Each structure stands twice: as structure tokens, then as C-alpha cells.
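Worksheet for the structure shown next.
The values are calculated or read from the model by the stated rules, or taken from the named source; none is laboratory data. What you see is a predicted model, and the numbers here were worked out from it, not measured in a lab. Note that we place each Cβ from the backbone using ideal geometry, even for glycine, and neighbour counts take in every protein chain shown. To get the accessible areas, we keep the full protein, side chains included, count just its heavy atoms, and leave off ligands, DNA and RNA. Shrake-Rupley method; radii C 1.70, N 1.55, O 1.52, S 1.80 Å.
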Amino acid sequence: MLYRAALSCRGPMHGRSLISRVRTTVSSHLKYVPASIAAQQHSRQWSNVPFMTMPLFRSHGKPFAHRSELKHAKRIVVKLGSAVVTRGDECGLALGRLASIVEQVSVLQNQGREMMIVTSGAVAFGKQRLRHEILLSQSVRQALHSGQNQLKDMQVPVLEARACAAAGQSGLMALYEAMFTQYSICAAQILVTNLDFHDEQKRRNLNGTLHELLRMNIVPIINTNDAVVPPPEPNSDLQGVISIKDNDSLAARLAVEMKADLIIVLSDVEGLFDSPPGSDDAKLIDIFYPGDQQSVTFGTKSRVGMGGMEAKVKAALWALQGGTSVVIANGTHPKISGHVITDIVEGKKVGTFFSEVKPAGPTVEQQAEMARAGGRTLATLKPEERAEIIFRLADLLTDHRDEILAANRKDMEDAEVKGRLAPPLLKRLSLSTAKLNSLAIGLRQIAASSQDSVGRVIRRTRIAKELELEQVTVPIGVLLVIFESRPDCLPQVSALAIASGNGLLLKGGKEASNSNQTLYRLTQEALSIHGVKDAIQLVNTREEVEDLCRLNKLIDLIIPRGSSQLVRDIQKGAKGIPVMGHSEGICHVYVDSEASVEKVTRIVRDSKCEYPAACNAMETLLIHRDVLRTPLFDQIIDMLRVEQVKIHAGPKFASYLTFSPSEVKSLRTEYGDLECCIEVVDGVEDAIEHIHKYGSSHTDAIITENEATADYFLQHVDSACVFWNSSTRFSDGYRFGLGAEVGISTARIHARGPVGIEGLLTTKWLLRGEDHVVSDFAEQGSMKYLHENIPVPQMDSS
């Protein structure tokens, strides 16, 4: 029998780091440390990763149908390709990558999973070791025979692969032993050949050994015995049995034999592409289904190793048929290799996932491409045709009011039964006849104001004689709007996208699925009157928000509508895609010493109590110190108590009171409910300083009768919306006359404040000439630049 198990199980070496142990191990075999240890800095730190709490027991049979189910994988095989394990010079190991992989495998093992590793690397490690020994031997002989200290150039002979494997296998295993020891995990080496799978007794012995190691919580490290294995024979697969030609087929065979839930195949490419990676128009395949091989053009194999991508796909499909899920991903990229294995197990969109279950509808990538094409057609429609679509949608909202409200009632009932939504979110989820009527009115405003949105000339310049330049408005491209709880967001955002000629991807919360489906169907009906149904897509697949944020080649702008945590998560997770929005709505109302008694209580009540869950609701009330202990202050407090607003005291306010309300934990709190903070300031300058320090640049207001003080506040507060004697609740696209808003932006680039049609447009330049070339404008050329501004005709506002 040609496989053997070598157990390594030592306790952790306290006081010595992993990298120092690796240095010692490698040095003992090679007498020097490769520079690739520096790559260790790219690996993610996993010391604080919590253990899994979900059950991992699963009856093996069918592979997982969706990525999100991978988190339930109990038994996992990680296959490390030669390109992952070896350095770029193919002589020696990439120690940083290996250390990171071992760390991730250890995290999963300590979560209660059963991990197995199929590894390459013995040949590369042996080649490095033998080259070192040969060079050392040659240098000694040359020094003895020449009698000189200076050595001539030495040639290293071509090394036979089997000899390299024999010299490198023990060193490779010692390296794994040193790395796993740091996590108190034992590892065992198993070497196999093809014969071990063809002999029934050997297969049973191998199977029993692996099961026993897994039972003892030991990580088996499996490799082909390259010191004795014969060269692979082409087309030698037995019927229903895959031959062990390379480590891809070995991993597949072991996974099926051991009834593993998942194989993670790490290579030097992101996954499976529809054509060779690096070629024009090559696209990464997110999910690969059996039978799709005809749609893929395979390229050459990697720089090292036995198998190429075609071998990986063949092995993956064989494993899939045997009941094991497969993901092929990049294990060499420094930005992702430090967490690629754990990301895959968490169900994140990494690499290519092999599945037997095709979704009923298009993938989200296909939806984004449809939105791109549909949006471009939408942008070419006449303004009145886009307006007609929006008018039609407004009519459908009122005509199908009962149907919409019935779907919304089902969502409300489901949310109340499950009890997962806080009262403010339940209020956002609720639709009513009044809300639908307001929606329809807003949509008609958008339609009426959209006539000159796309293609509007905003600047004209005569560059030279018969050479004129125009700057015109154009759509941004494809928008991704992610919204929680608020189904009324769907028609609002759709109308704005239609008016601005943008393609649109909508991702609503599960809590509003029935409402969203009904509203989306009506939106599609409105779009169909001019044949642009594809321009707006509702994402119903299992993609997580983080996965959508990675589609930087398909999406041009992300607009989150929801909680501050959602916005922060999207801003953090967006990979190369701009995010428009605000993470918090910490809005202030400042009551000046010269404020009107009649105005204060009305404005403060409206700002806090009219809709406390809104992002434009007041969260902090700033009061001039001269207002304390006055009838005005008593009226404010009495009003807040009547409205059942819980009051928190700021540090200065608390110092004025003998018995104060609970002191606020943070002055940067967005309550989103009937709660607010009261703080005392010395004047308008102190109020502005407080707003800049603790606010979120959303909306801030002053109440005063002193016009000079008000102007000072309006000019100096650096927020998206700044009001005088007005409720903060006016910060809204509908109330601003924009018809609706796609969101409120606190950014300082592009759009700011409530974002309507104008915020969803960018510009492009159109140059019209007559055989003009730049060389004519050189110093001795025949033409001169004029750069004359040409008046732009103003559109008739009526």
C-alpha cells in the first residue's frame, strides 16, 4: 500500500510567534529563510472570530443549491493548487499565503467543522532544497580546486520531479506541522497513488484512516506520492470513477469517498471565466451549472501544476454529481487570499460556485446588464414619452389602490407575527390611501418637471471658427437602490430613474416582499407602453447586500435607503462604486434667546413628534442659556411631556439642574423615536460649534426673530439643509418640490440634500467641427482658439 499517515500533534509553543516557528522549520531544511515570508502581512487576523453557534449536522446526499447554504457545510476539503502554494519563481513555498490558509482552516476547524487539505508543493519545496544543496556542494568543490575566493557562475542541472518530491515531502509536512501547532491543532500526512483507489481493500483502509483522523479532530493533509507515481495516462478514467491524474481529481475523488459537503479549489485565477482570463470580454462565471461546458472556452493551464481550468471543471462536475458542492476561487491575490476560505464558507460571492439548481429567473448580473441596455433605450426616448410612463404609473397607483393595500396588509401581518420589526420600522412599512394619493401627486410632479432633464445643454463654447463645444446632461447609468421597510420608495425611485433615463436595480427588504412585488408589477406595466420594461429590475435572488456592492463593472451608483447601520454597511462594503446617502440623521434645532414664544413649541413639536422615525426628525434640542428658567422653557418641557417624548440631558444642561433627566450617553445619538437630547449653549457661535462637532451634516434649524443671527447661522452651519424658523421635517424631496427623492445626501461631491432628478444626472461633452486638427492651433499654425461663450437658450418654465 502506497499511502501512509504521519501524525503531528504537539502543543502550542508559547512565547514564539507563528512566523518565527516557520523560520526555524524552513531554516532546518534549507539553511536560509525565503523572502516570501514578507507576504505574511497580507493575511487577516482571526484571533477574535467567534465560534459557530449554528448546527453543522447535515445528511449528505444532494449538494447545496445556493451559496447562502454553504455556512452549513460540516466536512470541507480545501485543495491548494501548485500556483497557490509555490512562489513566483516556482522554487520554494509562498510562506505568507500558506500561513494565512492554515489560519483560516484552523478557524473553521475550531468552529466544529471537519477540515481536510489536499496540497501541492512537495516538488517545489524539494527543488528549492536540492538546488541549495547542489549550489553549496559546487561552491565547496570550486573553492578547493581553484584556490580562489571568488566563484565563477555555477549552473544548476535540471532536477527530476520525483527526486524533488522525495526531498521536499518531509519539509512540506514539517512546515504544516509548525503552522497548525500554533492553533493547538494536530495534522496528519497521507500520501496516495492512483492504485490506492483502484484496489477495494486499500480504498477501505484509506477511508477508515481518514474517518478516524476526523473523529479525533485531526486535519488530514493529503498529497499524491509524487516520488513514485507514474506519469498520468490520457483518457484513463474508469466508468463512473475519476482517475487521480492531478490534485484536482484527487480532491474530487476524496470528497466523494468521504461524503464531504464542500470542496474549495484554490488557484491563481478568480474562478471560471467564459473565455481565457485576460482576454477581451472575459467574464467571471458566478454560478456554473452542469451542461454549461459548451459556453466556456478553456485556455492554457497555470504556470505550474498538472491540471488547468478544464481539469478543475471536470473534477468539480464529477464531485457535484457525487453530492459535494464546489467553489473555485483565487488563493493568490494578496487582498483576498487572507480571508477567501472563510468568505466562501460564509456564503459570500467569491469565485465560481457549482450548482445543480438553475434559478427560475435571471441572475443579478444578467439583471444589471438588462438594466444597462434598457436604461440606454429609455434615455433615447422623447421627454414626453418618459413623462407619459410616469403619468401612467401614477394612475396605476390609484387605480390598483385596493390591490396594493391588500398586499401591504399581508406584509404588516407577517411582520407583526414574527415580531422582528421595531415600531418605527413598522410605521415605515405601512401603506395607506393617503400615502398612495401623495405618491401619485409626487409622481405627477416628477413627470411635469422632467421635460428638460436629459440632454439639456448647460454650456456652449465656440472653441474656434466652426468648432463648437456643448456640455449636456446625461444619465449616470445603472443605479442600485437598496431600501428597507419602505415599499413607497419603489415607485418614487422608479419615477426618478425613468425621468433621468437611468437603468435601475431595486433591492427591497424581505419584510415588504408582497408590497414590492405588486408595486414592481405595476411599474413594469407602465414601462411597457414604450417597450422599456428591462430598464428597471427588482432583485429577488439570494444575493446579500455585500455581494451586490461588488458589482463595480455593472453598477455606477449605489443609493441606500434605510437605517444608519445599513448605510454604513454599504459604504464599507462598496467595492469601487460611489455611494450616495447619509449614514445618520442627527438633526438639531437651536432655540435662540430672541426666539418667538409662539413659534418655538410648534416648530419643536413638528420637528420631533410629527414622524420621529424619519431621518430629518430632530434628535438634539439646543437652548440658549438665557432661555432657561423662563416661561418659554417651561412650555417646551411641558409640550415634550404631553407628547410623551423621553428627554436626555446633555452635560451642560445637567449641570444647571438639581434633579435632571438621565444624562445622555452620547451627543451623537440618532434616536429615531420619541426621544431627544436637550443641551444648553452660550449663543449662536456655541450652537454652530456643537452642530459641527456632534451633527451629521443632514438638517439643522434655528428659531429666532433676529435676522442678523439667523443669517449668521444659515451661512456658517455646514449641513446639507439649514433652516430658519422652519421644522427640520421640510428636508424632503416632495416638500422641496422635487416630486420625490431618491434619498438625502450629506456628501459634498455631486448631489447634496434631497436628491431628485438633477442628482441622478451627469454630463458629457459634444464637440462639432469641420476637419479640425490640433496641429492647426500650434504656434505657427493657421488657427487660433477663441473660447467664446455662446448663450444657452432658457427653457420655457411654463
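Numbers for the structure displayed
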item	result
Filtered residues of the stretch 74-90 (kept if open to solvent by less than 10 Å² (accessible area, probe 1.4 Å) and at pLDDT below 90)	GLY81, ALA83, VAL84, VAL85, THR86
Candidates VAL472, VAL481, filtered to the one that is open to solvent by less than 30 Å² (accessible area, probe 1.4 Å), at pLDDT 90 or above, closer than 26 Å to ILE559 by Cα and touching a Gly at 6+ places or on another chain (Cβ under 6 Å)	VAL472
Where VAL493 falls short, out of the listed (1) in contact with a helix residue (DSSP H, G or I) (Cβ under 9 Å, 6 or more places away or on another chain); (2) buried (at least 24 other Cβ atoms within 10 Å of the Cβ)	(1)
Among (1) modelled with pLDDT of 90 or more; (2) more than 40 Å from the chain's Cα centre (by Cα), the one test that ALA178 misses	(2)
Some residue of the stretch 728-745 being hydrophobic (A, V, I, L, M, F, W, C), assigned to a loop (DSSP other than H, G, I, E, B) and touching an Asp or Glu at 6+ places or on another chain (Cβ under 7 Å)	no
Residue identified as charged (D, E, K, R), at pLDDT below 95 and closer than 25 Å to GLY442 by Cα among ARG752, ARG768, ARG748	ARG752
Among (1) hydrophobic (A, V, I, L, M, F, W, C); (2) open to solvent by 30 Å² or more (accessible area, probe 1.4 Å); (3) in contact with a helix residue (DSSP H, G or I) (Cβ under 9 Å, 6 or more places away or on another chain), the one test that VAL773 misses	(3)
Count - residues of the stretch 499-521 that are of a type outside the set (S, T, N, Q), crowded, with 21+ Cβ neighbours inside 10 Å and part of a helix (DSSP H, G or I)	4
Answer from GLU610, GLU670, GLU643 - the residue that is open to solvent by 10 Å² or more (accessible area, probe 1.4 Å) and in contact with a strand residue (DSSP E or B) (Cβ under 6 Å, 6 or more places away or on another chain)	GLU670
Answer residue from the stretch 270-318, given it is touching a strand residue (DSSP E or B) at 6+ places or on another chain (Cβ under 9 Å) and at positive phi and is modelled with the highest pLDDT among those	GLY271
Qualifying residue in the stretch 682-695 (condition: acidic (Asp, Glu), in contact with a Ser or Thr (Cβ under 7 Å, 6 or more places away or on another chain) and closer than 18 Å to GLU619 by Cβ)	no
Hey, ALA448 free of Cβ contacts under 8 Å to residues at least 12 places away in the same chain and open to solvent by 30 Å² or more (accessible area, probe 1.4 Å) or not	no
Sole exception among (1) more than 25 Å from GLY581 (Cβ to Cβ); (2) aliphatic (A, V, I, L, M); (3) at pLDDT 95 or above; (4) open to solvent by 30 Å² or more (accessible area, probe 1.4 Å) for VAL681, by number	(4)
Top-ranked residue in the stretch 318-327 [being buried (at least 21 other Cβ atoms within 10 Å of the Cβ) and more than 19 Å from the chain's Cα centre (by Cα); ranked as farthest from GLY347 (Cα to Cα)]	TRP318
Restricting the stretch 653-667 to residues that are in contact (Cβ under 8 Å) with a residue 24 or more places away in the chain and buried (at least 17 other Cβ atoms within 10 Å of the Cβ), the residue that is farthest from VAL600 (Cα to Cα)	LEU667
Members of the stretch 427-440 that are surrounded by fewer than 16 Cβ atoms within 10 Å (Cβ to Cβ) and touching a residue at least 12 places away in the same chain (Cβ under 8 Å)	LYS427, SER432, THR433, ASN437, SER438
SER782, sole failed condition from (1) part of a loop (DSSP other than H, G, I, E, B); (2) surrounded by 11 or more Cβ atoms within 10 Å (Cβ to Cβ); (3) at negative phi	(2)
Test: LEU640 is of a type outside the set (Asp, Glu), part of a helix (DSSP H, G or I) and within 27 Å of SER430 (Cα to Cα)	yes
Single residue of the stretch 695-716 satisfying the filter (open to solvent by less than 10 Å² (accessible area, probe 1.4 Å) and either outside any helix (DSSP H, G or I) or free of Cβ contacts under 8 Å to residues at least 12 places away in the same chain (or both)) that is nearest to GLY581 (Cα to Cα)	HIS698
Filter result for the condition that a residue is basic (Lys, Arg), modelled with pLDDT of 90 or more and open to solvent by less than 10 Å² (accessible area, probe 1.4 Å), over ARG401, ARG386	ARG386
Restricting the stretch 360-383 to residues that are open to solvent by less than 70 Å² (accessible area, probe 1.4 Å) and farther than 16 Å from SER500 by Cα, the residue that is modelled with the lowest pLDDT	GLY361
Criterion violated by THR728 - all others in (1) over 29 Å from the mean Cα position of the chain (by Cα); (2) surrounded by fewer than 22 Cβ atoms within 10 Å (Cβ to Cβ) satisfied	(2)
Sole exception among (1) outside any helix (DSSP H, G or I); (2) over 19 Å from ASP732 (Cα atoms); (3) open to solvent by less than 50 Å² (accessible area, probe 1.4 Å) for ARG420, by number	(3)
